[in-house]
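The values are calculated or read from the model by the stated rules, or taken from the named source; none is laboratory data. Only a predicted model underlies this, so the values are computations on that prediction, with no experimental measurement involved. Here the Cβ positions follow ideal geometry from the backbone for every residue, glycine too, while neighbour counts run over all protein chains shown. For accessibility, only protein heavy atoms count, side chains too; no ligands or nucleic acids. Shrake-Rupley method; radii C 1.70, N 1.55, O 1.52, S 1.80 Å.
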Amino acid sequence: MKLAARVSQVTPSITLAIAAKAKAMKAEGIDVCSFSAGEPDFDTPAHIKAAAAKALEEGKTKYGPAAGEPKLREAIANKLKTINGLDYKAENVLVTNGGKHSLYNLMVALIDPGDEVIIPAPYWLSYPEMVTLAGGKSVIVNTDASTGYKITPEQLKQAITPKTKLFVLNSPSNPTGMVYTPEEIKALAKVIVDADIFVVSDEIYEKILYDGAEHLSIGSLGAEIFARTLTSNGFAKGYSMTGWRLGYLAGPVEIIKAASTIQGHSTSNVCTFAQYGAIAALEGSQDCVEEMRQAFAKRRQVMLERLNAIPGLSCVKPDGAFYLFPDISKTGLKSLEFCNALLEAHQVAVIPGVAFAADNNIRLSYATDMATIEKGLDRLEKFVRSRI
């Protein structure tokens, strides 16, 4: 069987593969401590589930508009305006099947074959694969711990060519957890405006911040950058709604209409009654978000102190999200070998940094309970000490 050439150009998700292997081991009765999943371990807040259940009771189970329920699009636009300083209307919003889907729709709508997309590394592993599927070319700009794993304005400027169409910005970041300061965002915005390119700001972790870190939406900095900004977000991380598959894309009307047309011929509308849960998430109490954030903050501190106390490991302190990205280079192992050996020998699942273009690092998620964190880090320390 001859498959389409594009299939061979795309790499299967290493994060999903590691998570699947860990789940299979657990199903066999093996005690696995998993730091692999990028999803909160909390249940979806009760008032959100109640809103979806009410929608079911009311018979909201039919097809809906491909771009999303009007009430949800309005609620998202209101949130973006009041919280993020982005003056969008409902027509500027597309509701998608998760944040990942919003980014894929954008790539297909915006990128032509040969167009270049600048992606700072370490990066969320799906960004370049989406660019490839759209026929574009990913231009990877490497960063390191010296700049907090953040691209500098100078690096961005140097990476731009006449073929550059889009810059991908992710703050707070997956996998590093780093957050760009308002000053850093402003400096990047100037480069983007001067070069007249687009930027997609992936803000899925915006609600998970620590130690006074501030999230600034790049599109809020003025009319010129606003016109060049696409904002991607969703409900998975902040509201613990990963399985609900609810995301959104906001931006110029013509791009949103194009992305909506693409969605209309692929998935059509997002699950109708689930969208009413999303409305409740936006319009209801935000106490649940803060409770989860505080729990993450405690776990982050415990994991960070433990990791940096292990000889051979070093980890930059993250400002957001729920990941740690320690450097393992002193162990003499590359990330995939490290992760496979750790899982097999000590039943601890972590994600190899090679998936994020950082082969000297591993990613640990602290979206898990404290007991698992303590036990898993004991095992990790034993493994590392046996290697150095």
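Across the range 1-123, the relative contact order, built from alpha-carbon pairs under 8 Å that are at least six residues apart, equals 13 percent.
Extent of the chain along its three principal axes (Cα atoms, max minus min coordinate, largest first): 57, 55, 54 Å. Taking amide H atoms as placed 1.01 Å from N in the peptide plane, the amide H of residue 241 lies under 5 Å from those of 236, each 5 or more residues away in sequence or on another chain. In sequence order, the range 206-220 has phi-based couplings of 4, 8, 10, 10, 9, 6, x, 4, 10, 8, 10, 6, 4, x, 7 Hz under the Karplus curve 6.51 cos²θ - 1.76 cosθ + 1.60, θ = phi - 60°, and Gly or Pro positions carry x. The HN-Hα couplings worked out from phi for the range 171-188 by the Karplus form 6.51 cos²θ - 1.76 cosθ + 1.60 (θ = phi - 60°) are 8, x, 9, 10, x, 8, x, 7, 10, 6, 6, x, 5, 5, 5, 4, 5, 5 Hz, whole numbers, x standing for Gly and Pro. Its alpha carbons considered, the range 41-86 gives a radius of gyration followed by a Dmax of 13.5, 36 Å. What is the calculated FRET efficiency for residue 31 to residue 224, with r their C-beta to C-beta distance and R₀ = 45 Å, to the nearest 0.05? The pair residue 31/residue 224 has a calculated efficiency of 0.25. Dividing the helix sum by the residues of the chain, where each DSSP H run of 4 or more adds -39500 (n - 2.57), gives a mean residue ellipticity at 222 nm of -13000 deg cm²/dmol. Of the beta bridges DSSP finds with both residues in the chain, what % are antiparallel, to the nearest 5? Of the beta bridges lying entirely in the chain, close to 45 percent run antiparallel.
Note on residue 285 and residue 337: the extension gain reaches 14.3 nm, defined as 0.36 nm multiplied by sequence separation minus the Cα-Cα distance. Candidate cross-link partners of residue 49 among the lysines, defined by an alpha-carbon separation under 19 Å and a same-chain spacing of 8 or more, comprise 60, 62, 71, 237. Taken per residue, the accessible surface of the chain reaches 42 Å², heavy atoms only and a 1.4 Å probe.
Each residue of the range 86-93 is assigned a 3J(HN,Hα), and the resulting list reads 10, 7, 9, 10, 4, 5, 8, 10 Hz, derived from the Karplus form 6.51 cos²θ - 1.76 cosθ + 1.60 (θ = phi - 60°), x at Gly and Pro.
When a 1.4 Å probe is rolled over the protein heavy atoms, the share of accessible surface on the range 13-64 that falls to carbon and sulfur comes to 59 percent. Converting the Cα gyration tensor eigenvalues of the range 175-318 into ellipsoid dimensions via √(5λ) gives semi-axes, longest first, of 30, 24, 14 Å. Carbon-plus-sulfur accessible fraction, the range 67-133 (probe radius 1.4 Å, protein heavy atoms only): 48%. Database remark: amide H of residue 314 closer than 5 angstrom to the amide H of 327 (H placed geometrically; neighbours at sequence offset of 5 or more, or on other chains; Pro and chain starts carry no H). Other residues whose C-beta falls under 13 angstrom from the C-beta of residue 271 contribute a net charge of +2, scoring Lys and Arg +1 and Asp and Glu -1. If you wrap the Cα atoms of the range 1-55 in a convex hull and average its projected area over all directions, you get 7.8 nm². Taken over the C-alpha atoms, the range 159-255 has Rg and Dmax values of 13.9, 41 angstrom.
Work out the FRET efficiency for residue 56 and residue 112 from their Cβ-Cβ distance, taking R0 = 41 Å, and round it to the nearest 0.05. FRET efficiency, residue 56 to residue 112: 0.45.
Applying both filters, DSSP loop and at most 13 other Cβ atoms within 10 Å, to the trypsin sites (Lys or Arg not before Pro) of the range 126-209 gives 163. Proximity of backbone amide H atoms, modeled 1.01 Å from N, is registered between residue 144 and 149, 150 at under 5 Å, excluding neighbours fewer than 5 places apart on the same chain. The relative contact order of the chain, computed from alpha carbon pairs under 8 Å that lie at least 6 residues apart in sequence, is 24 percent. With 20 Å as the limit, write out which pairs from 137/165; 23/375; 2/137; 137/334 have Cα-Cα distances beyond it, or answer none. From 137/165; 23/375; 2/137; 137/334, over 20 Å: 2/137; 137/334.
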